[in-house]
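Q: Handing you a structure now.
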Amino acid sequence: MQIGFIGLGQMGSVIAANLLKAGHDVTVYNRTRAKADALASEGAKVAAAPGDACKGEAVFTMLAEDKAVEAVVYGDGGVLASLKKGAVHISSSTISVALSKRLAEDHAKAGQRYVAAPVLGRPDAAAAAKLFVVAAGAPDAVKTVSPLFDAIGQKTFTISEQAEAANIVKLSGNFLIAAVIESLGEAMALVGKAGIDKHQYLDILTSTLFGAPIYKTYGMLIADAKFSPPGFAAPLGLKDIKLALAAGDDLRVPLPLASLLRDRFLTLLANDGANLDWAAVGGLPAKDAGGA
């Protein structure tokens, strides 16, 4: 397929590379031109503006926040103005439920199609084309772009014709990961202060009751206190928790743990954690306990 890809951060750059490896004709755009140029050697065409990446059958956006998505979609010569009728905007960004609804409505008015397709997985999974894709949108649109999802992930979950449903799933998933990070950090602070080796403790946990990859991945980051360079930066974690809380407000669903996590991320950022992985939230309990 002839596709565009806008947003070449840690996730976007490797996803775009996997689309190229799968044989798709990919035009890339990034605000920092050097990141786009790096993919030219792999066969990508480099766009000078977001609209130049919207000439094919579909365009991905993989951007950090609502404001960035709004800028490339609604700006002069942006996605909405440039995408041809019937083409598909695939939003893999972790954005608010409200913006996802708005994008679906505005693309429909323009005769375009919109699929929300956030992904589950860290950059290493993205590089290995082992992401999980959560897709929602009109069935014909999802079917059209399914080969693209096959190229970047190991499984696609199609959950609804309402695009924003995919964003709720993504936000709830990130909320759960953050809750695991905090609880692991608290447990490790407890055993660490008792003089128990944290790595042995993690081996016990992940060999018995908590064998899920999320415990192994984040447990090791916390045990090693390896929070730099970030695979997922702490400010993005705070952003996602706030978006989950906003979704809860809209649906009148209390999320007391999410409120706690918002405060934990604020504590981390107030203590020079802006350039750390969000797993650094799991390091706060040891500091609270006097450096256990």
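What follows draws every value from the coordinates through simple rules; no lab data is involved. Remember, it's a predicted structure, so these values are computed and weren't measured experimentally. Methodologically, a virtual Cβ is constructed for each residue, glycine included, from the backbone with ideal geometry; neighbour enumeration extends over all protein chains shown.
Q: Which shape class, rounded, prolate or oblate, goes with the stretch 2-162 when its Cα gyration tensor gives a ≥ b ≥ c as root eigenvalues, a/c under 1.5 marks rounded, and past that a/b bigger than b/c marks prolate?
A: Judged from the Cα gyration tensor, the stretch 2-162 comes out rounded (a/c under 1.5).
Q: Hey, what's the per residue convex hull volume over the C-alpha atoms of the stretch 85-132, in cubic angstrom?
A: 68 Å³
Q: Considering only C-alpha atoms, what is the centroid distance from the stretch 20-40 to the stretch 106-145, in Å?
A: The distance from the Cα centre of the stretch 20-40 to that of the stretch 106-145 comes to 18 Å.
Q: Determine, for the stretch 168-288, the count of lysine pairs separated by eight or more sequence positions (or lying on different chains) whose alpha-carbon distance falls under 17 Å.
A: Step by step, the pairs that qualify in the stretch 168-288 add up to 8.
Q: Could you tell me what percent of the DSSP beta bridges with both partners in the chain are antiparallel, to the nearest 5?
A: In the chain, DSSP labels about 15 percent of beta bridges as antiparallel.
Q: Now for a different question. So how many Å³ per residue does the convex hull of the Cα atoms of the stretch 1-80 work out to?
A: Expressed per residue, the convex hull around the Cα atoms of the stretch 1-80 is 74 Å³.
Q: Wrap a convex hull around the Cα atoms of the stretch 65-108, take a quarter of its surface area, and give that in square nanometres.
A: Convex hull of Cα atoms, orientation-averaged projection: 2.9 nm².
Q: Can you put Phe132, Phe5, Phe265 in order of Cβ neighbours within 10 angstrom, beginning with the fewest?
A: Final ranking by Cβ density, sparse to dense: Phe132, Phe265, Phe5.
Q: From the C-alpha gyration tensor of the stretch 168-288, pull out the three semi-axes of the equivalent ellipsoid (sqrt of 5λ each), sorted largest to smallest, in whole Å.
A: 24, 16, 13
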